[in-house]
Each structure stands twice: as structure tokens, then as C-alpha cells.
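Colleague: This is the structure, below, for whatever I ask next.
The values are calculated or read from the model by the stated rules, or taken from the named source; none is laboratory data. Please read these numbers as outputs of a predicted model, since none were measured by experiment. FYI the Cβ positions are ideal-geometry reconstructions off the backbone, even for glycines, and counts take in every protein chain you see. The protein model used for the area step is the full one, side chains on, heavy atoms only, and it has no ligands, DNA or RNA in it. Shrake-Rupley method; radii C 1.70, N 1.55, O 1.52, S 1.80 Å.
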Amino acid sequence: MAVSCDHAVAVRAGEELDLARLSAYLGRHFDGPGPVTVEQFPSGHSNLTYHVTWGGYELVLRRPPFGSQVKSAHDMGREYRVLCKLHEAYSVAPKVILYCDDLSILDAPFYLMEPIRGIILRRELPPGLRLSPGMARQLSEAFLDNLVRLHSLDYDKIGLGDLGKPQGYVERQVKRWIERYHNSATHDLPEVGRISDWLAHHIPASSDATLIHNDYKYDNVVLDSNDIAKLVGVLDWEMCTLGDPLSDLGTTLAYWTDSSDSDELQEISSAPTTITGTLSRAQLAQRYAAATGRSVHDMVFYLAFARFKVAVIVQQIYYRYARGLTHDERFASMPHKIAILMRASLQCAGSGTI
């Protein structure tokens, strides 16, 4: 099966790195001189990710987005520290190399990690890749099982017991994300008030605490190009914390489109989750419950909240664009997606099904 791996492209205008300063920094930390070249991985909407070559070295560089006003969401030092401890226990997490908080280099903190080569699934399958029903099922099962594996880690044993405050996690999250929406609002959406009230009045009793990724979806995992059902990497750990594992599952389900979903949800789908054989949201939840012993009785709340949260994340990105803090034209159509997600969140709450 000839399928190309995910690759970087030319850097977007306005998101260039200072090559002279970066080259001088690399020269102080790696042996041997060499010209620095930088390309950008094009699909992310939050932290920016670059492919850097310097002499004989290949590196991946992560830095915050330009113009971000939500500093807590882009803490490079925190993400680096998490990965330093996580990689040994959870090998699909990236292996980090260096962290830099010297703002004279790139005007923002950043870290370097080893590349993870493989396939990343986005809205359309990459050229050359065909998924039979059996392969699609195996992939969706492996994807869910890898989340179960993350939730089974002993976070105290690996040194991440102080990463968050699990007690009252969901209640704090609901309040925080409602506030974040209003702090970045650009449009008057009637669904916001209704779903905000519903969420505030339907917070379930918390599950046990685990290490959670908080953005676990197909385009944040790297697949083996020779075995599409094998995960070789999990990316984007900026929101990793200790919290309710069902909220993590809810976020995964919020990005998962079923073939029976409305046309507008199909329209904003970001992953090929409707291929015949792929597990549905309900099947993913059932498999999770069977593997962990956790009840998924309250998944309607977790899915409704996750869709709301994703809508707020998109709103925060659009806010930067609307204020001229970034000029990435991909962001221009985001209000349409935000409205669809808010309606989907409210519909989930009203229907009582996932």
C-alpha cells in the first residue's frame, strides 16, 4: 500500500521564524554547523508546529500561536514537562529534546522534539489509502483502546500527580469554558445561553481521576504507514491534565461523526469516521465501558459539554482572526462551524442520546 506520510509545507505568511536567531540557538546545543531550514505542518489551529532541519538533525518545533490571548492554553513549559515524564510510560507520546524560554530567540517559549513519522487521518483519506470495513473497524478499536491505555496510567508513579486538581474538575470546566466563550464572543448565538444553563444544571457526579489528553481525535494520532491500525504517536498535549476520564471520552466523541448525523454535522466533519466498519459513537462508548468498568450513563452530558467546549475553542481562534492578530484565511469561515457545534450541543442535550 503506497501511502504518503504526513509532511510539512512552506511556512504560512505571518508565522515565519527568525532563522538567524534559531540557527545560532541550535548551534549552541547540537554538534556541527549546518544551514537551518524550516517548514510548517499546515493543519493545526492552535499551537504552531514546524519541521526544522539543521545540519544532520531533523527536529519538530512547537510554539504558541501568534496573537494568542489565552496564555494558559499555550504553556510550552508545562507541555514540555508533561512529555518529559510521559514518554517513558506511554511510548506514543513524543520524545522531547529541549525547552527554550528565552524570548530573544523566537519571541515566545518553544520546545523541540523528535519527529514521529506516519500517517495522519484528516477529513479525506490520503492518496493511496483505502480502508476496508474490517480495517476501518480495527483502526477505530485500536484508537479507542489507546485512550483506555492512557487512562490506565498511574500518574503518581510517573511523576505527574501534581498536574491538576481532579476534585471538582467538571464543575470548574463548565464554568471556565462558559466564561471563555463570553470573553471571546463575536456573534450573538441564541443557543449559547440555553446550553450554558443546561450544562450548569446537569453536572454529573465525577468519575475517578486519570491522566487525560483533552483533544484526543484522529488528526492528533500518527498511524504506522505499514499497519494502519497501529498507533505510533499521539500529538498535541497542550491541554493534558488530571481530570474526569469521561470528559476525555466526550471530547473524542465530539469530533466523531456518525453516518446518521445531520447534514450540517457531516459538513464540518474533520475525520473519516463514517467509513463502513468504523465504530459509532455509541459503540465507542460501550467498548470504553467494557474495557474500564466505568459507567457511561452520563455520556449525553459529556458529549454536549464537549461540543460546547470545541465550539469555544474555535471561537477563541476566530477571535484572534477577527481582531487581526492572525491572518490565516482558514479562520474566516469559523463562525459557521461555531454555530453548528452550538446547535449540536443543544440537540444532544435535548435528545438525550449520543
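Colleague: Contact order normalised by length for the range 10-152, with contacts defined as Cα pairs under 8 Å and 6 or more residues apart; what percent is it?
Modeller: 17 percent
Colleague: Which value, in nm² and rounded to one decimal, describes the direction-averaged projected area of the C-alpha convex hull of the range 6-151?
Modeller: The orientation-averaged projected area of the Cα hull of the range 6-151 comes to 10.7 nm².
Colleague: Probe radius 1.4 Å, ligands and nucleic acids ignored: give me the carbon and sulfur share of the accessible area of the chain as a rounded percent. Please list the in-between numbers first.
Modeller: On the way: 7810 of 15570 Å².
Summing carbon and sulfur atoms, their accessible area is 50 percent of the total for the chain.
Colleague: With unit charges on the beta carbons (Lys and Arg positive, Asp and Glu negative) and the dipole taken about the Cα centre of the range 259-343, which residue among 274, 331, 293 sits farthest to the positive side?
Modeller: 293
Colleague: Indicate the helices, whole DSSP H runs only, in the chain that combine a mean Kyte-Doolittle hydropathy of -1.0 or more with a Cα extent along their long axis of 27 angstrom or more.
Modeller: On the way: long enough: 133-151 (28 Å, -0.07); 299-322 (33 Å, 0.92).
Correct list, ordered by number: 133-151, 299-322.
Colleague: What percent does the relative contact order of the range 201-287 come to when contacts are Cα pairs within less than 8 Å and at least six residues apart?
Modeller: 28 percent
Colleague: Next question, about the same structure. Note the direction-averaged projected area, equal to a quarter of the hull surface, for the Cα convex hull of the range 208-323, in nm².
Modeller: Seen from a random direction, the Cα hull of the range 208-323 projects 8.7 nm² on average.
Colleague: Using DSSP loop states and a limit of at most 14 other Cβ atoms within 10 Å to flag GluC sites (Glu not before Pro), what is the longest stretch of the chain containing no flagged site?
Modeller: Longest site-free region, per DSSP loop and neighbour criteria: 125-354.
Colleague: Using Cα-Cα distances under 8 Å and only pairs 6 or more residues apart, what relative contact order does the range 238-346 have, in percent?
Modeller: Details: 92 pairs, mean separation 32.3, N = 109.
Once normalised by length, the contact order is 30 percent.
Colleague: Within a Cβ distance under 13 Å of residue 337, other residues only, what is the Lys/Arg minus Asp/Glu net charge?
Modeller: Numbers: positive: 123, 307, 330, 343; negative: 264, 267.
Once positives and negatives cancel, what remains is +2.
Colleague: I'd like the distance between the alpha-carbon centres of the range 144-160 and the range 275-320, rounded to an integer number of Å.
Modeller: 19 Å
Colleague: Where Lys and Arg each count +1 and Asp and Glu each count -1, what net charge lies around residue 311 among other residues with Cβ under 11 Å from its Cβ?
Modeller: Local net charge: +4.
Colleague: For the chain, what is the accessible area per residue in Å² when the probe is 1.4 Å?
Modeller: Values: 15570 Å² over 354 residues.
Solvent-accessible surface per residue comes out at 44 Å².
Colleague: Here's something else I'd like to know. Excluding same-chain residues fewer than 8 positions from residue 157, which lysines have a Cα within less than 27 Å of its Cα?
Modeller: Reachable lysines: 85, 95, 165, 217, 230.
Colleague: Do me a favour and compute the ellipsoid semi-axes for the chain from its Cα gyration tensor, root of five times each eigenvalue, largest one first, whole Å.
Modeller: Equivalent-ellipsoid dimensions as semi-axes: 32, 24, 21 Å.
Colleague: So, one more: How large is the charge dipole for the chain, taken about the Cα centre, if only the Cβ atoms of Lys, Arg (+1) and Asp, Glu (-1) carry charge, to the nearest 20 debye?
Modeller: Value, rounded to 20: 300 debye.
Colleague: Quote the Stokes-Einstein diffusion coefficient, in whole µm² s⁻¹, for the range 75-232, based on the Kirkwood radius over alpha carbon pairs, a temperature of 10 °C and a viscosity of 1.306 mPa s.
Modeller: 84 µm²/s
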